[in-house]
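*Asks:* One structure, as C-alpha cells, below. Some questions next.
What follows draws every value from the coordinates through simple rules; no lab data is involved. Only a predicted model underlies this, so the values are computations on that prediction, with no experimental measurement involved. Here Cβ is always computed from backbone atoms with ideal geometry, including for glycine, and neighbour counts include all displayed protein chains.
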Amino acid sequence: MLIKPETTSFDPKKKEAYDSVNQPGKIKVEESGFDSRNIFLFKTTVLRALSDETRQGIVVLLGKYKSLCVNDLAGHFKVSRPTVSHHLQVLKQARIVKSNKIGKEIFYMLNIHYLRRSVKSLSKIIDSIDDVENIQRSVDQIKEKK
C-alpha cells in the first residue's frame, strides 16, 4: 500500500509514514540527528530563479551597484528590456530582489537578508547529507567487522 504525501502542506508525521512504507530499510531522519523541519526554510523557488545565467548576472550586478532600474540592467545583457523585466519578476517572486518606485522608474535591489538565509538553509541540507553519509559509513564499517 502506497501512502501519497499531500502536496498542499507538509506534515512530518505523514512524511515519516510515507518513507517507512515506500523506503523500508533506509536510515530515518531522526536517527541522523537532523531536524527535517529545518530544510523547509529553503524554498526551491530560489534555486529555480538562480538557475538562469541572465538572472545570475542580474544578481551580480545588483550586488555590485546596489540599485538599478530595468534600463540600466538591460544595457548589460544581449536581451530585450521586456526580457530583463521578466527575469526581474522571477527574482522578485523568489524574494531575491526587492523593488522601489521612484517617480516613473522602478529600481531593483537585492534582498540580501533573504538570500543569506536561503543559502544558510541550503548549507544545512548539504551538511545533513554529509551526516547521513557518515552514519551510513559507520554502520557499514560495523557490519564489516562482524
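*Asks:* List the residues, sorted by chain then number, that are 5 or more residues from residue 107 or on another chain and whose placed amide H is less than 5 Å from its amide H.
*Replies:* 100, 101, 102
*Asks:* Please give the contour-minus-distance gain from residue 53 to residue 134: 0.36 nm per residue of separation, less the Cα-Cα distance, rounded to one decimal in nm.
*Replies:* Gain in length upon complete extension: 25.8 nm.
*Asks:* With the radius of gyration and the Kirkwood radius both derived from the Cα set of segment 43-141, what is their ratio Rg to Rh?
*Replies:* In segment 43-141, Rg relative to Rh is 1.18.
*Asks:* I've got another one for you. Cross-link list 92/120; 64/124; 66/101: which exceed 23 angstrom alpha carbon to alpha carbon?
*Replies:* Correct reply: 64/124.
*Asks:* Hey, can you rank 84-91, 66-73 by average C-beta count inside 10 Å, highest first?
*Replies:* 84-91, 66-73
*Asks:* Can you give me the distance in nm between label points at residue 121 and residue 79, each placed 7 Å from the Cα along the Cα-to-Cβ direction?
*Replies:* Calculated label separation equals 2.4 nm.
*Asks:* Another one. From the gyration tensor of the Cα coordinates in segment 98-146, what semi-axes in whole Å does the equivalent ellipsoid have, largest first, with each one equal to sqrt(5λ)?
*Replies:* Those come to 49, 6, 4 Å.
*Asks:* Arrange the peptides 115-121, 77-83 so that the one whose residues have, on average, the most other Cβ atoms within 10 Å appears first.
*Replies:* The packing order, highest mean first, is 115-121, 77-83.
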